[in-house]
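Here's the structure, in structure tokens; my notes come after.
The values are calculated or read from the model by the stated rules, or taken from the named source; none is laboratory data. In this text the structure is predicted, and so the values were computed from the model without any measurement. Virtual Cβ from ideal backbone geometry, glycine too; neighbours counted across all protein chains shown. When the accessible area is computed, the model is the full protein with side chains, heavy atoms only, and any ligands, DNA or RNA have been set aside. Shrake-Rupley method; radii C 1.70, N 1.55, O 1.52, S 1.80 Å.
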Amino acid sequence: MSWISAAESSPNVSLLENGGGGGGSEKATTGGETSRRVRRTESASSMIRKRSDLKLISRVPWEFLRRILTNLQEVLLGTKLFILFPAVPLAVVAHRYGCPRAWVFALSLLGLIPLAERISFLTEQIAFHTGPTVGGLMNATCGNATEMIIAILAVGQRKMRIVKLSLLGSILSNLLFVLGTSLFLGGLSNLRKHQSFDSRQGEMNCMLLYLALLCQTLPMIMRFTMESEDDGSAVVVLSRASSFVMLFAYLAFLIFHLFSSHISPPPPPLPQREEEEDVYDDDVRDKEEEEEAVIGMWSAIGWLIIMTLVVALLSEYLVSTIQDAADSWGLSVGFIGIILLPIVGNAAEHAGAVIFAFRNKLDITLGIALGSATQIALFVVPVTVLVAWTMGIEMDLNFNLLETACFALSIIVTSFILQDGSSHYMKGLVLLLCYVVIAACFFVSNSPSTETNTTNLTMTKR
């Protein structure tokens, strides 16, 4: 989930720690904000949630038991993806009793879908109690918790290629697949409406992505210019230094959005766009005004810890069985890491971005897609490099020539498409076609799938 959308949550929500959603909410306006601004509290994961029916639970005579049942109802059954939760125990059973490892991989992958969405939900619940600033900072670290956990566990097993493929795949998926699908389907559903968005959001994210591209390109170029007998230690040192630079840039990005966004106020909206937002407000105003915390803060923290531990368990299964799944299905590890893992693992967030595009709310769609890509490129990737350093493992930012080229071209295409602040279905179609070409490239690629540490490979100088 992108932290940007969660940072817009209503700051003043007062709810008793009773595990239920019966408390009222206070919505404060500051600096002349209108009520429309305060009501825009939707996020990607809220689009696939369902309202819980607590009538039966309210009849339970014991308050302690009623709180427990309410939490179980809201956390486990409060999403339309709850039908995938059985995949979690099935993955554990399959791993425990020696079922085919490809089955373990598939069940773990399916189990991660609702878990990733629930982590986003729990983080938002905490944000209701702590306010938008603390909530935004929490989402800045937990927004892509699944990708970070998978990457760190893969580093622990010294499967550096899987680490780099999964992280790069998440970035490409957000830039091309999520954004492309959203613009394409949103354009088709709003053919007679003017589709526009604040282009400055795209400019800021693309600028940061170019910085991440530079930090990945220089280690690759340095590797090519080295002598064949060089051990590559200079590349690792450069990668670690670049990781600190990326983290500093991401911190500055957070400060700018959370504390300094008033310096450059947004321009007045176009009349046609304002009219469309008025229609939207009339249709779903009541639904937005009712959005509030449904569980208490400490309950949300406890559930967040539990969900994170379960994600770590399934991620370990995923990393240890990805090679067996690739061999069993006749696919390359590159295709699974670049294409399959990001699409399935972030399905909930992707669905939310598409739904917002259907409603012609492209600013939120861009916040989800570009915000997530920027978070992975400038936060998750450098953190993974530094964590590997603390584990005594040498990991660099050399993503190899093919992967880096795909990353660069994806950023260029995305920045050109978003530069004029308008959208139509052809722009989305172009992004999707670019993603199809990249998927085909890795489908037929014969790059080494059993590589464990790219820093130990030698590259001959041409």
Enumeration of residues in the stretch 399-432 that are within 20 Å of L168 (Cα to Cα), open to solvent by 50 Å² or more (accessible area, probe 1.4 Å) and free of Cβ contacts under 8 Å to residues at least 12 places away in the same chain: I412
Helices (runs of 4 or more DSSP H) contained in the stretch 67-143 and holding at least 1 residues open to solvent by less than 10 Å² (accessible area, probe 1.4 Å) and at pLDDT below 80: 101-130, 132-142
Exclusive hit being under 16 Å from the mean Cα position of the chain (by Cα), closer than 14 Å to I150 by Cβ and of a type in the set (V, I, T), set V311, V319, V354, V333: V311
Residue in the stretch 372-388 that is farther than 23 Å from L218 by Cβ and either aromatic (F, W, Y) or modelled with pLDDT of 85 or more (or both) present: yes
Single unsatisfied condition, L314 versus (1) open to solvent by 10 Å² or more (accessible area, probe 1.4 Å); (2) more than 30 Å from Y425 (Cβ to Cβ); (3) in contact with a Ser or Thr (Cβ under 8 Å, 6 or more places away or on another chain): (1)
Unique residue being modelled with pLDDT of 90 or more, within 23 Å of the chain's Cα centre (by Cα) and not in a helix (DSSP H, G or I) when the list is F442, F399: F399
Filter result for L341 (closer than 15 Å to V163 by Cα and either open to solvent by 10 Å² or more (accessible area, probe 1.4 Å) or among the aliphatic types (A, V, I, L, M) (or both)): yes
Selection count where residues are surrounded by fewer than 24 Cβ atoms within 10 Å (Cβ to Cβ) and over 22 Å from A145 (Cβ atoms), scope the stretch 384-398: 2
Checklist (1) of a type outside the set (D, E, K, R); (2) modelled with pLDDT of 90 or more; (3) within 27 Å of the chain's Cα centre (by Cα) applied to V237, failing item: (3)
Which numbered condition A348 misses (of (1) in a helix (DSSP H, G or I); (2) at pLDDT below 75; (3) out of contact with any strand residue (DSSP E or B) (no Cβ under 9 Å at 6 or more places or on another chain)): (3)
Filtered residue count, the stretch 147-206, keeping only those that are surrounded by fewer than 24 Cβ atoms within 10 Å (Cβ to Cβ) and polar (S, T, N, Q): 8
